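Below: the structure, in structure tokens.
The values are calculated or read from the model by the stated rules, or taken from the named source; none is laboratory data. None of the values given here were measured: they were computed from a predicted structure. Please note: Cβ atoms are built from the backbone with ideal geometry, for glycine as well, and neighbour counts cover all protein chains shown. What goes into the accessible areas is simple: the full protein's heavy atoms, side chains included, and nothing from ligands, DNA or RNA. Shrake-Rupley method; radii C 1.70, N 1.55, O 1.52, S 1.80 Å.
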Amino acid sequence: MPIKLPLPRSTNCCKHRRSTELFCAALHRNRSTIDASHVDLAPATPQHAQNFFRRMTAMSQAQLLPRKTKILFWLGLLAFVALLLAGPWREATAPERHFSSAWLLSTLVFVTLLTRRIGFALAITSLIFGGLLIASVVKFAYLTTPLLAPDLVYFVNRDLIEVLLRYPALLALFVGGFILIPALLILAWRIDRPIFLQRFSRRTRSLIRACGSILGLLLILICASPDGPFADIYGKGMWQTMNDKSYLTDFFISFNQTKIQIPISPVGVDRSIVWNDPPKPAETHPADAVSAIPHYPDIVTILEESTFDPRMLQVCGMPLCKFKMFVPDARTRASGSLVVHTWGGGTWTSEFAALTGLSHTSFGNAGLYAPYNLAPRVTYTLPRALKAAGYKTIAVYPMSGDFINARNAYRYYGFDEFIEGSTYGLAWESSDTDLMQVFDQIYTREKKEAGKQPLFVFMLTLRQHGPHMTPLKFLKPPYNAPLFPMLDKWLNLNLGNYLSRLESSDSALAQQEKFLLDSDRQTVLLHFGDHQPSFDGAINAIKKLNAPKGASDPMFVTYYMLKSNFAPKQKYNYPVLDLSFLAGLVLDVAGVPKDEFFEANTRLRERCKGFYLDCADKRMLDSYTDFIFHTLQALHD
């Protein structure tokens with residue numbers, strides 16, 4: 001018996017002509033399977049007909065979806081599953097896996113209900129979260145730190161492009177992602193169709209979408225709340241965040257870690273420990289006492305980029321790995337292993353420590369961005385202490401002052417003058433010899449202008465910066481061939497480049513030492529390594545000798561060498577020294593009076609035998625931390 005279906009009124013037919021055509025086509029294809037036993041039309045009211053019409057239209061639209069829309073759905077689903085397997089389900093702990101999975105699923109729910117496009121929702125979730133995951137993995141491989149939220153604030157600028165140009169693979173990945181992700185999202189939007197919830201009436205559909213979108217947004221806010229069900233994850237320490245490879249979790253919790261964290265004094269801290277002598281009563285001097293004011297020496301500090309003593313490597317015991325710059329001589333006042341606070345990159349954090357006597361790690365993840373957020377707030381710095389003693393302070397920076405906010409940061413550190421290497425033609429490829437020639441010009445000019453006024457010059461080198469991938473055939477002998485048969489081709493390439501550049505640094509430093517210390521002007525010369533190179537992450541495949549006794553990790557050890565052409569008041573013996581103590585040690589060798597901060601800094605150096613955060617006496621370290629941050633206010637508002 002044929003079925004008679006009442007149609008909607010003509011106005012609705014005109015309004016839904018395309019839907020009617022789809023409905024009729026579907027009904028025609030399925031007429032052999034539709035009978036009265038399957039469709040209850042009694043009583044055959046207009047409302048029943050409209051409901052049936054809506055259900056059949058939804059069914060027909062699903063059946064008539066373009067092939068490319070179906071392909072988009074299955075590709076999106078495959079990408080989403082792959083993302084879950086490669087990202088959340090590989091994170092370090094079960095709570096972190098639940099946390100990152102909740103981010104993905106709540107985002108998927110929110111976008112699906114907001115757009116009614118399932119394929120597009122799968123695509124945008126997979127592409128955005130997948131892009132974050134890939135970027136974090138790559139950043140960890142090159143710089144040993146995952147992608148964190150502040151990176152998007154501080155480093156997405158011209159500086160980023162300048163760095164990427166040094167790494168072709170990174171540049172290709174960045175440009176590809178910048179172009180492909182938006183293009184793929186636009187394509188997915190155009191291919192997909194808003195058919196989700198189509199079987200419901202418009203009013204019901206709108207209600208479900210509104211409630212579902214609010215629910216999805218609420219789930220996202222719950223995930224983003226440090227006080228919610230994932231509070232324990234947000235309380236994860238910085239060191240663990242930097243090293244546990246829970247990439248998506250680390251990125252999202254870092255939004256809550258952009259705030260500087262001042263170290264909190266532990267309960268029961270010992271405030272009876274004396275860190276400063278009582279202030280002395282003001283002394284009066286006769287009118288001619290100016291002539292009795294001591295003449296302080298010039299101080300030249302050279303930060304050697306990505307430099308460490310290669311004899312730390314087990315494979316580097318040959319004479320070829322021994323360089324003069326690491327060997328003390330009669331002019332050496334202190335030398336040894338230097339404990340630094342970064343690895344593979346982050347030179348600006350070593351600049352911060354050398355100039356302020358503080359470690360960026362004391363302030364949580366936000367400390368990684370010291371030139372932006374810590375430099376404006378430091379109270380005590382080496383340049384300020386030297387200016388108080390009458391010095392002129394000069395920074396020679398090998399790049400543009402815009403790089404990592406350097407120009408502004410050095411002004412906050414207290415330098416009188418900031419000289420950009422770019423004004424002298426210096427660039428990434430400039431050798432240490434090129435830099436030293438520029439220094440000679442600047443130093444000669446400044447001496448002439450300053451007369452007897454002592455000078456403090458802080459200079460950075462650059463050539464040892466990665467990548468270390470110049471083909472060996474372009475290096476001069478003996479570095480033009482693999483030197484280490486026990487290492488693979490890649491490691492030989494990187495280590496050969498490093499040693500070749502180190503030979504150039506060694507030669508340049510020898511000339512600089514002669515220029516400065518053979519003069520009749522009293523001078524203190526300090527050079528040190530800011531961090532070890534990463535060799536694009538490969539250096540960890542080379543076994544290192546054990547860390548110096550007391551140092552926690554050989555990855556964070558470089559070197560320091562402090563010399564002068566005059567005899568200091570006392571000798572200093574620190575086979576292992578923390579970078580945060582270098583400034584105070586320089587003041588001691590130069591005989592320059594110390595302010596209250598560097599006086600306390602010196603006492604901790606002596607009491608902990610050169611160790612800072614690794615100090616064995618935690619009671620002493622806690623007392624010092626309490627004193628500098630809560631009594632001296634070493635970091636002000």
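Below are the figures for this structure:
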quantity: Euclidean distance of C-alpha centroids, segment 423-446 and segment 317-335, integer Å; calculated: 24
quantity: Residues of segment 428-486: accessible area per residue with a 1.4 Å probe, Å²; calculated: 49
quantity: Residues whose placed amide H lies under 5 Å from that of Leu462, excluding near-sequence neighbours; calculated: Glu305
quantity: Restraint check, Lys139/Lys609; Lys452/Lys594; Lys322/Lys544; Lys544/Lys609, Cα-Cα greater than 26 Å; calculated: Lys139/Lys609
quantity: Residues whose placed amide H lies under 5 Å from that of Val524, excluding near-sequence neighbours; calculated: Asp298, Ile299, Val300
quantity: Per residue, in Å², the accessible surface of segment 65-258 once ligands and nucleic acids are set aside, probe 1.4 Å; calculated: 53
quantity: Accessible surface of segment 405-549 [probe 1.4 Å, protein heavy atoms]: carbon and sulfur percent; calculated: 52
quantity: Per-residue ³J(HN,Hα) for segment 462-470, Karplus 6.51 cos²θ - 1.76 cosθ + 1.60, θ = phi - 60°, Hz, x for Gly and Pro; calculated: 9, 4, 6, 4, x, x, 9, 10, 5
quantity: Farthest positive-ward along segment 65-258 dipole, Cα basis, beta-carbon charges - from Thr69, Tyr167, Trp103; calculated: Thr69
quantity: Percent RCO, i.e. relative contact order, over segment 303-631, from Cα pairs under 8 Å lying at least 6 residues apart; calculated: 29
quantity: Trypsin sites (Lys or Arg not before Pro) within segment 569-637, DSSP loop, no more than 11 other Cβ atoms inside 10 Å; calculated: Lys569, Lys571
quantity: Most positive-pole-ward Cα, Pro533, Phe515, Gly344, against dipole of segment 303-631 from beta carbon charges; calculated: Phe515
quantity: Size of electric dipole in segment 166-272: Cβ of Lys, Arg +1 and of Asp, Glu -1, about Cα centre, debye, nearest 20; calculated: 780
quantity: Under Karplus coefficients 6.51, -1.76 and 1.60, residue-wise ³J(HN,Hα) of segment 208-216 in Hz, glycine/proline x; calculated: 5, 5, 5, 5, x, 5, 5, 4, x
quantity: Percent of C-alpha pairs per 10 Å bin, segment 65-258, short to long; calculated: 9, 31, 34, 21, 5, 1
quantity: Convex hull volume per residue in cubic angstrom - Cα atoms of segment 303-631; calculated: 130
quantity: Whole-angstrom gap from segment 489-539 to segment 181-230, using each part's C-alpha centre; calculated: 56
quantity: Whole-Hz couplings from phi, Karplus 6.51/-1.76/1.60, listed for segment 624-629; x for Gly and Pro; calculated: 5, 4, 4, 5, 6, 8
quantity: Label-to-label distance, nm, for residues given as Leu215 and Ala567 (7 Å Cα→Cβ offset); calculated: 8.4
quantity: Full-stretch length increase - Val81, His295 - with 0.36 nm per residue and alpha-carbon distance subtracted; calculated: 70.0 nm
quantity: Potential extension, Met318-His98 segment - 0.36 nm per residue separation minus Cα distance; calculated: 74.1 nm
quantity: Cα-centre dipole for segment 65-258 with unit charges at Cβ (Lys and Arg positive, Asp and Glu negative), debye to 20; calculated: 1340
quantity: Estimated Rh, segment 323-461: Kirkwood, alpha-carbon pairs, angstrom; calculated: 16.4
quantity: Contact order normalised by residue count of segment 352-507, Cα under 8 Å, 6+ apart, percent; calculated: 20
quantity: For Arg333, residues with placed amide H under 5 Å, excluding near neighbours; calculated: Leu562, Lys563, Ser564
quantity: Selection from Gly591, His636, Asn565, by position along the positive dipole direction of segment 514-637 (Cβ); calculated: Asn565
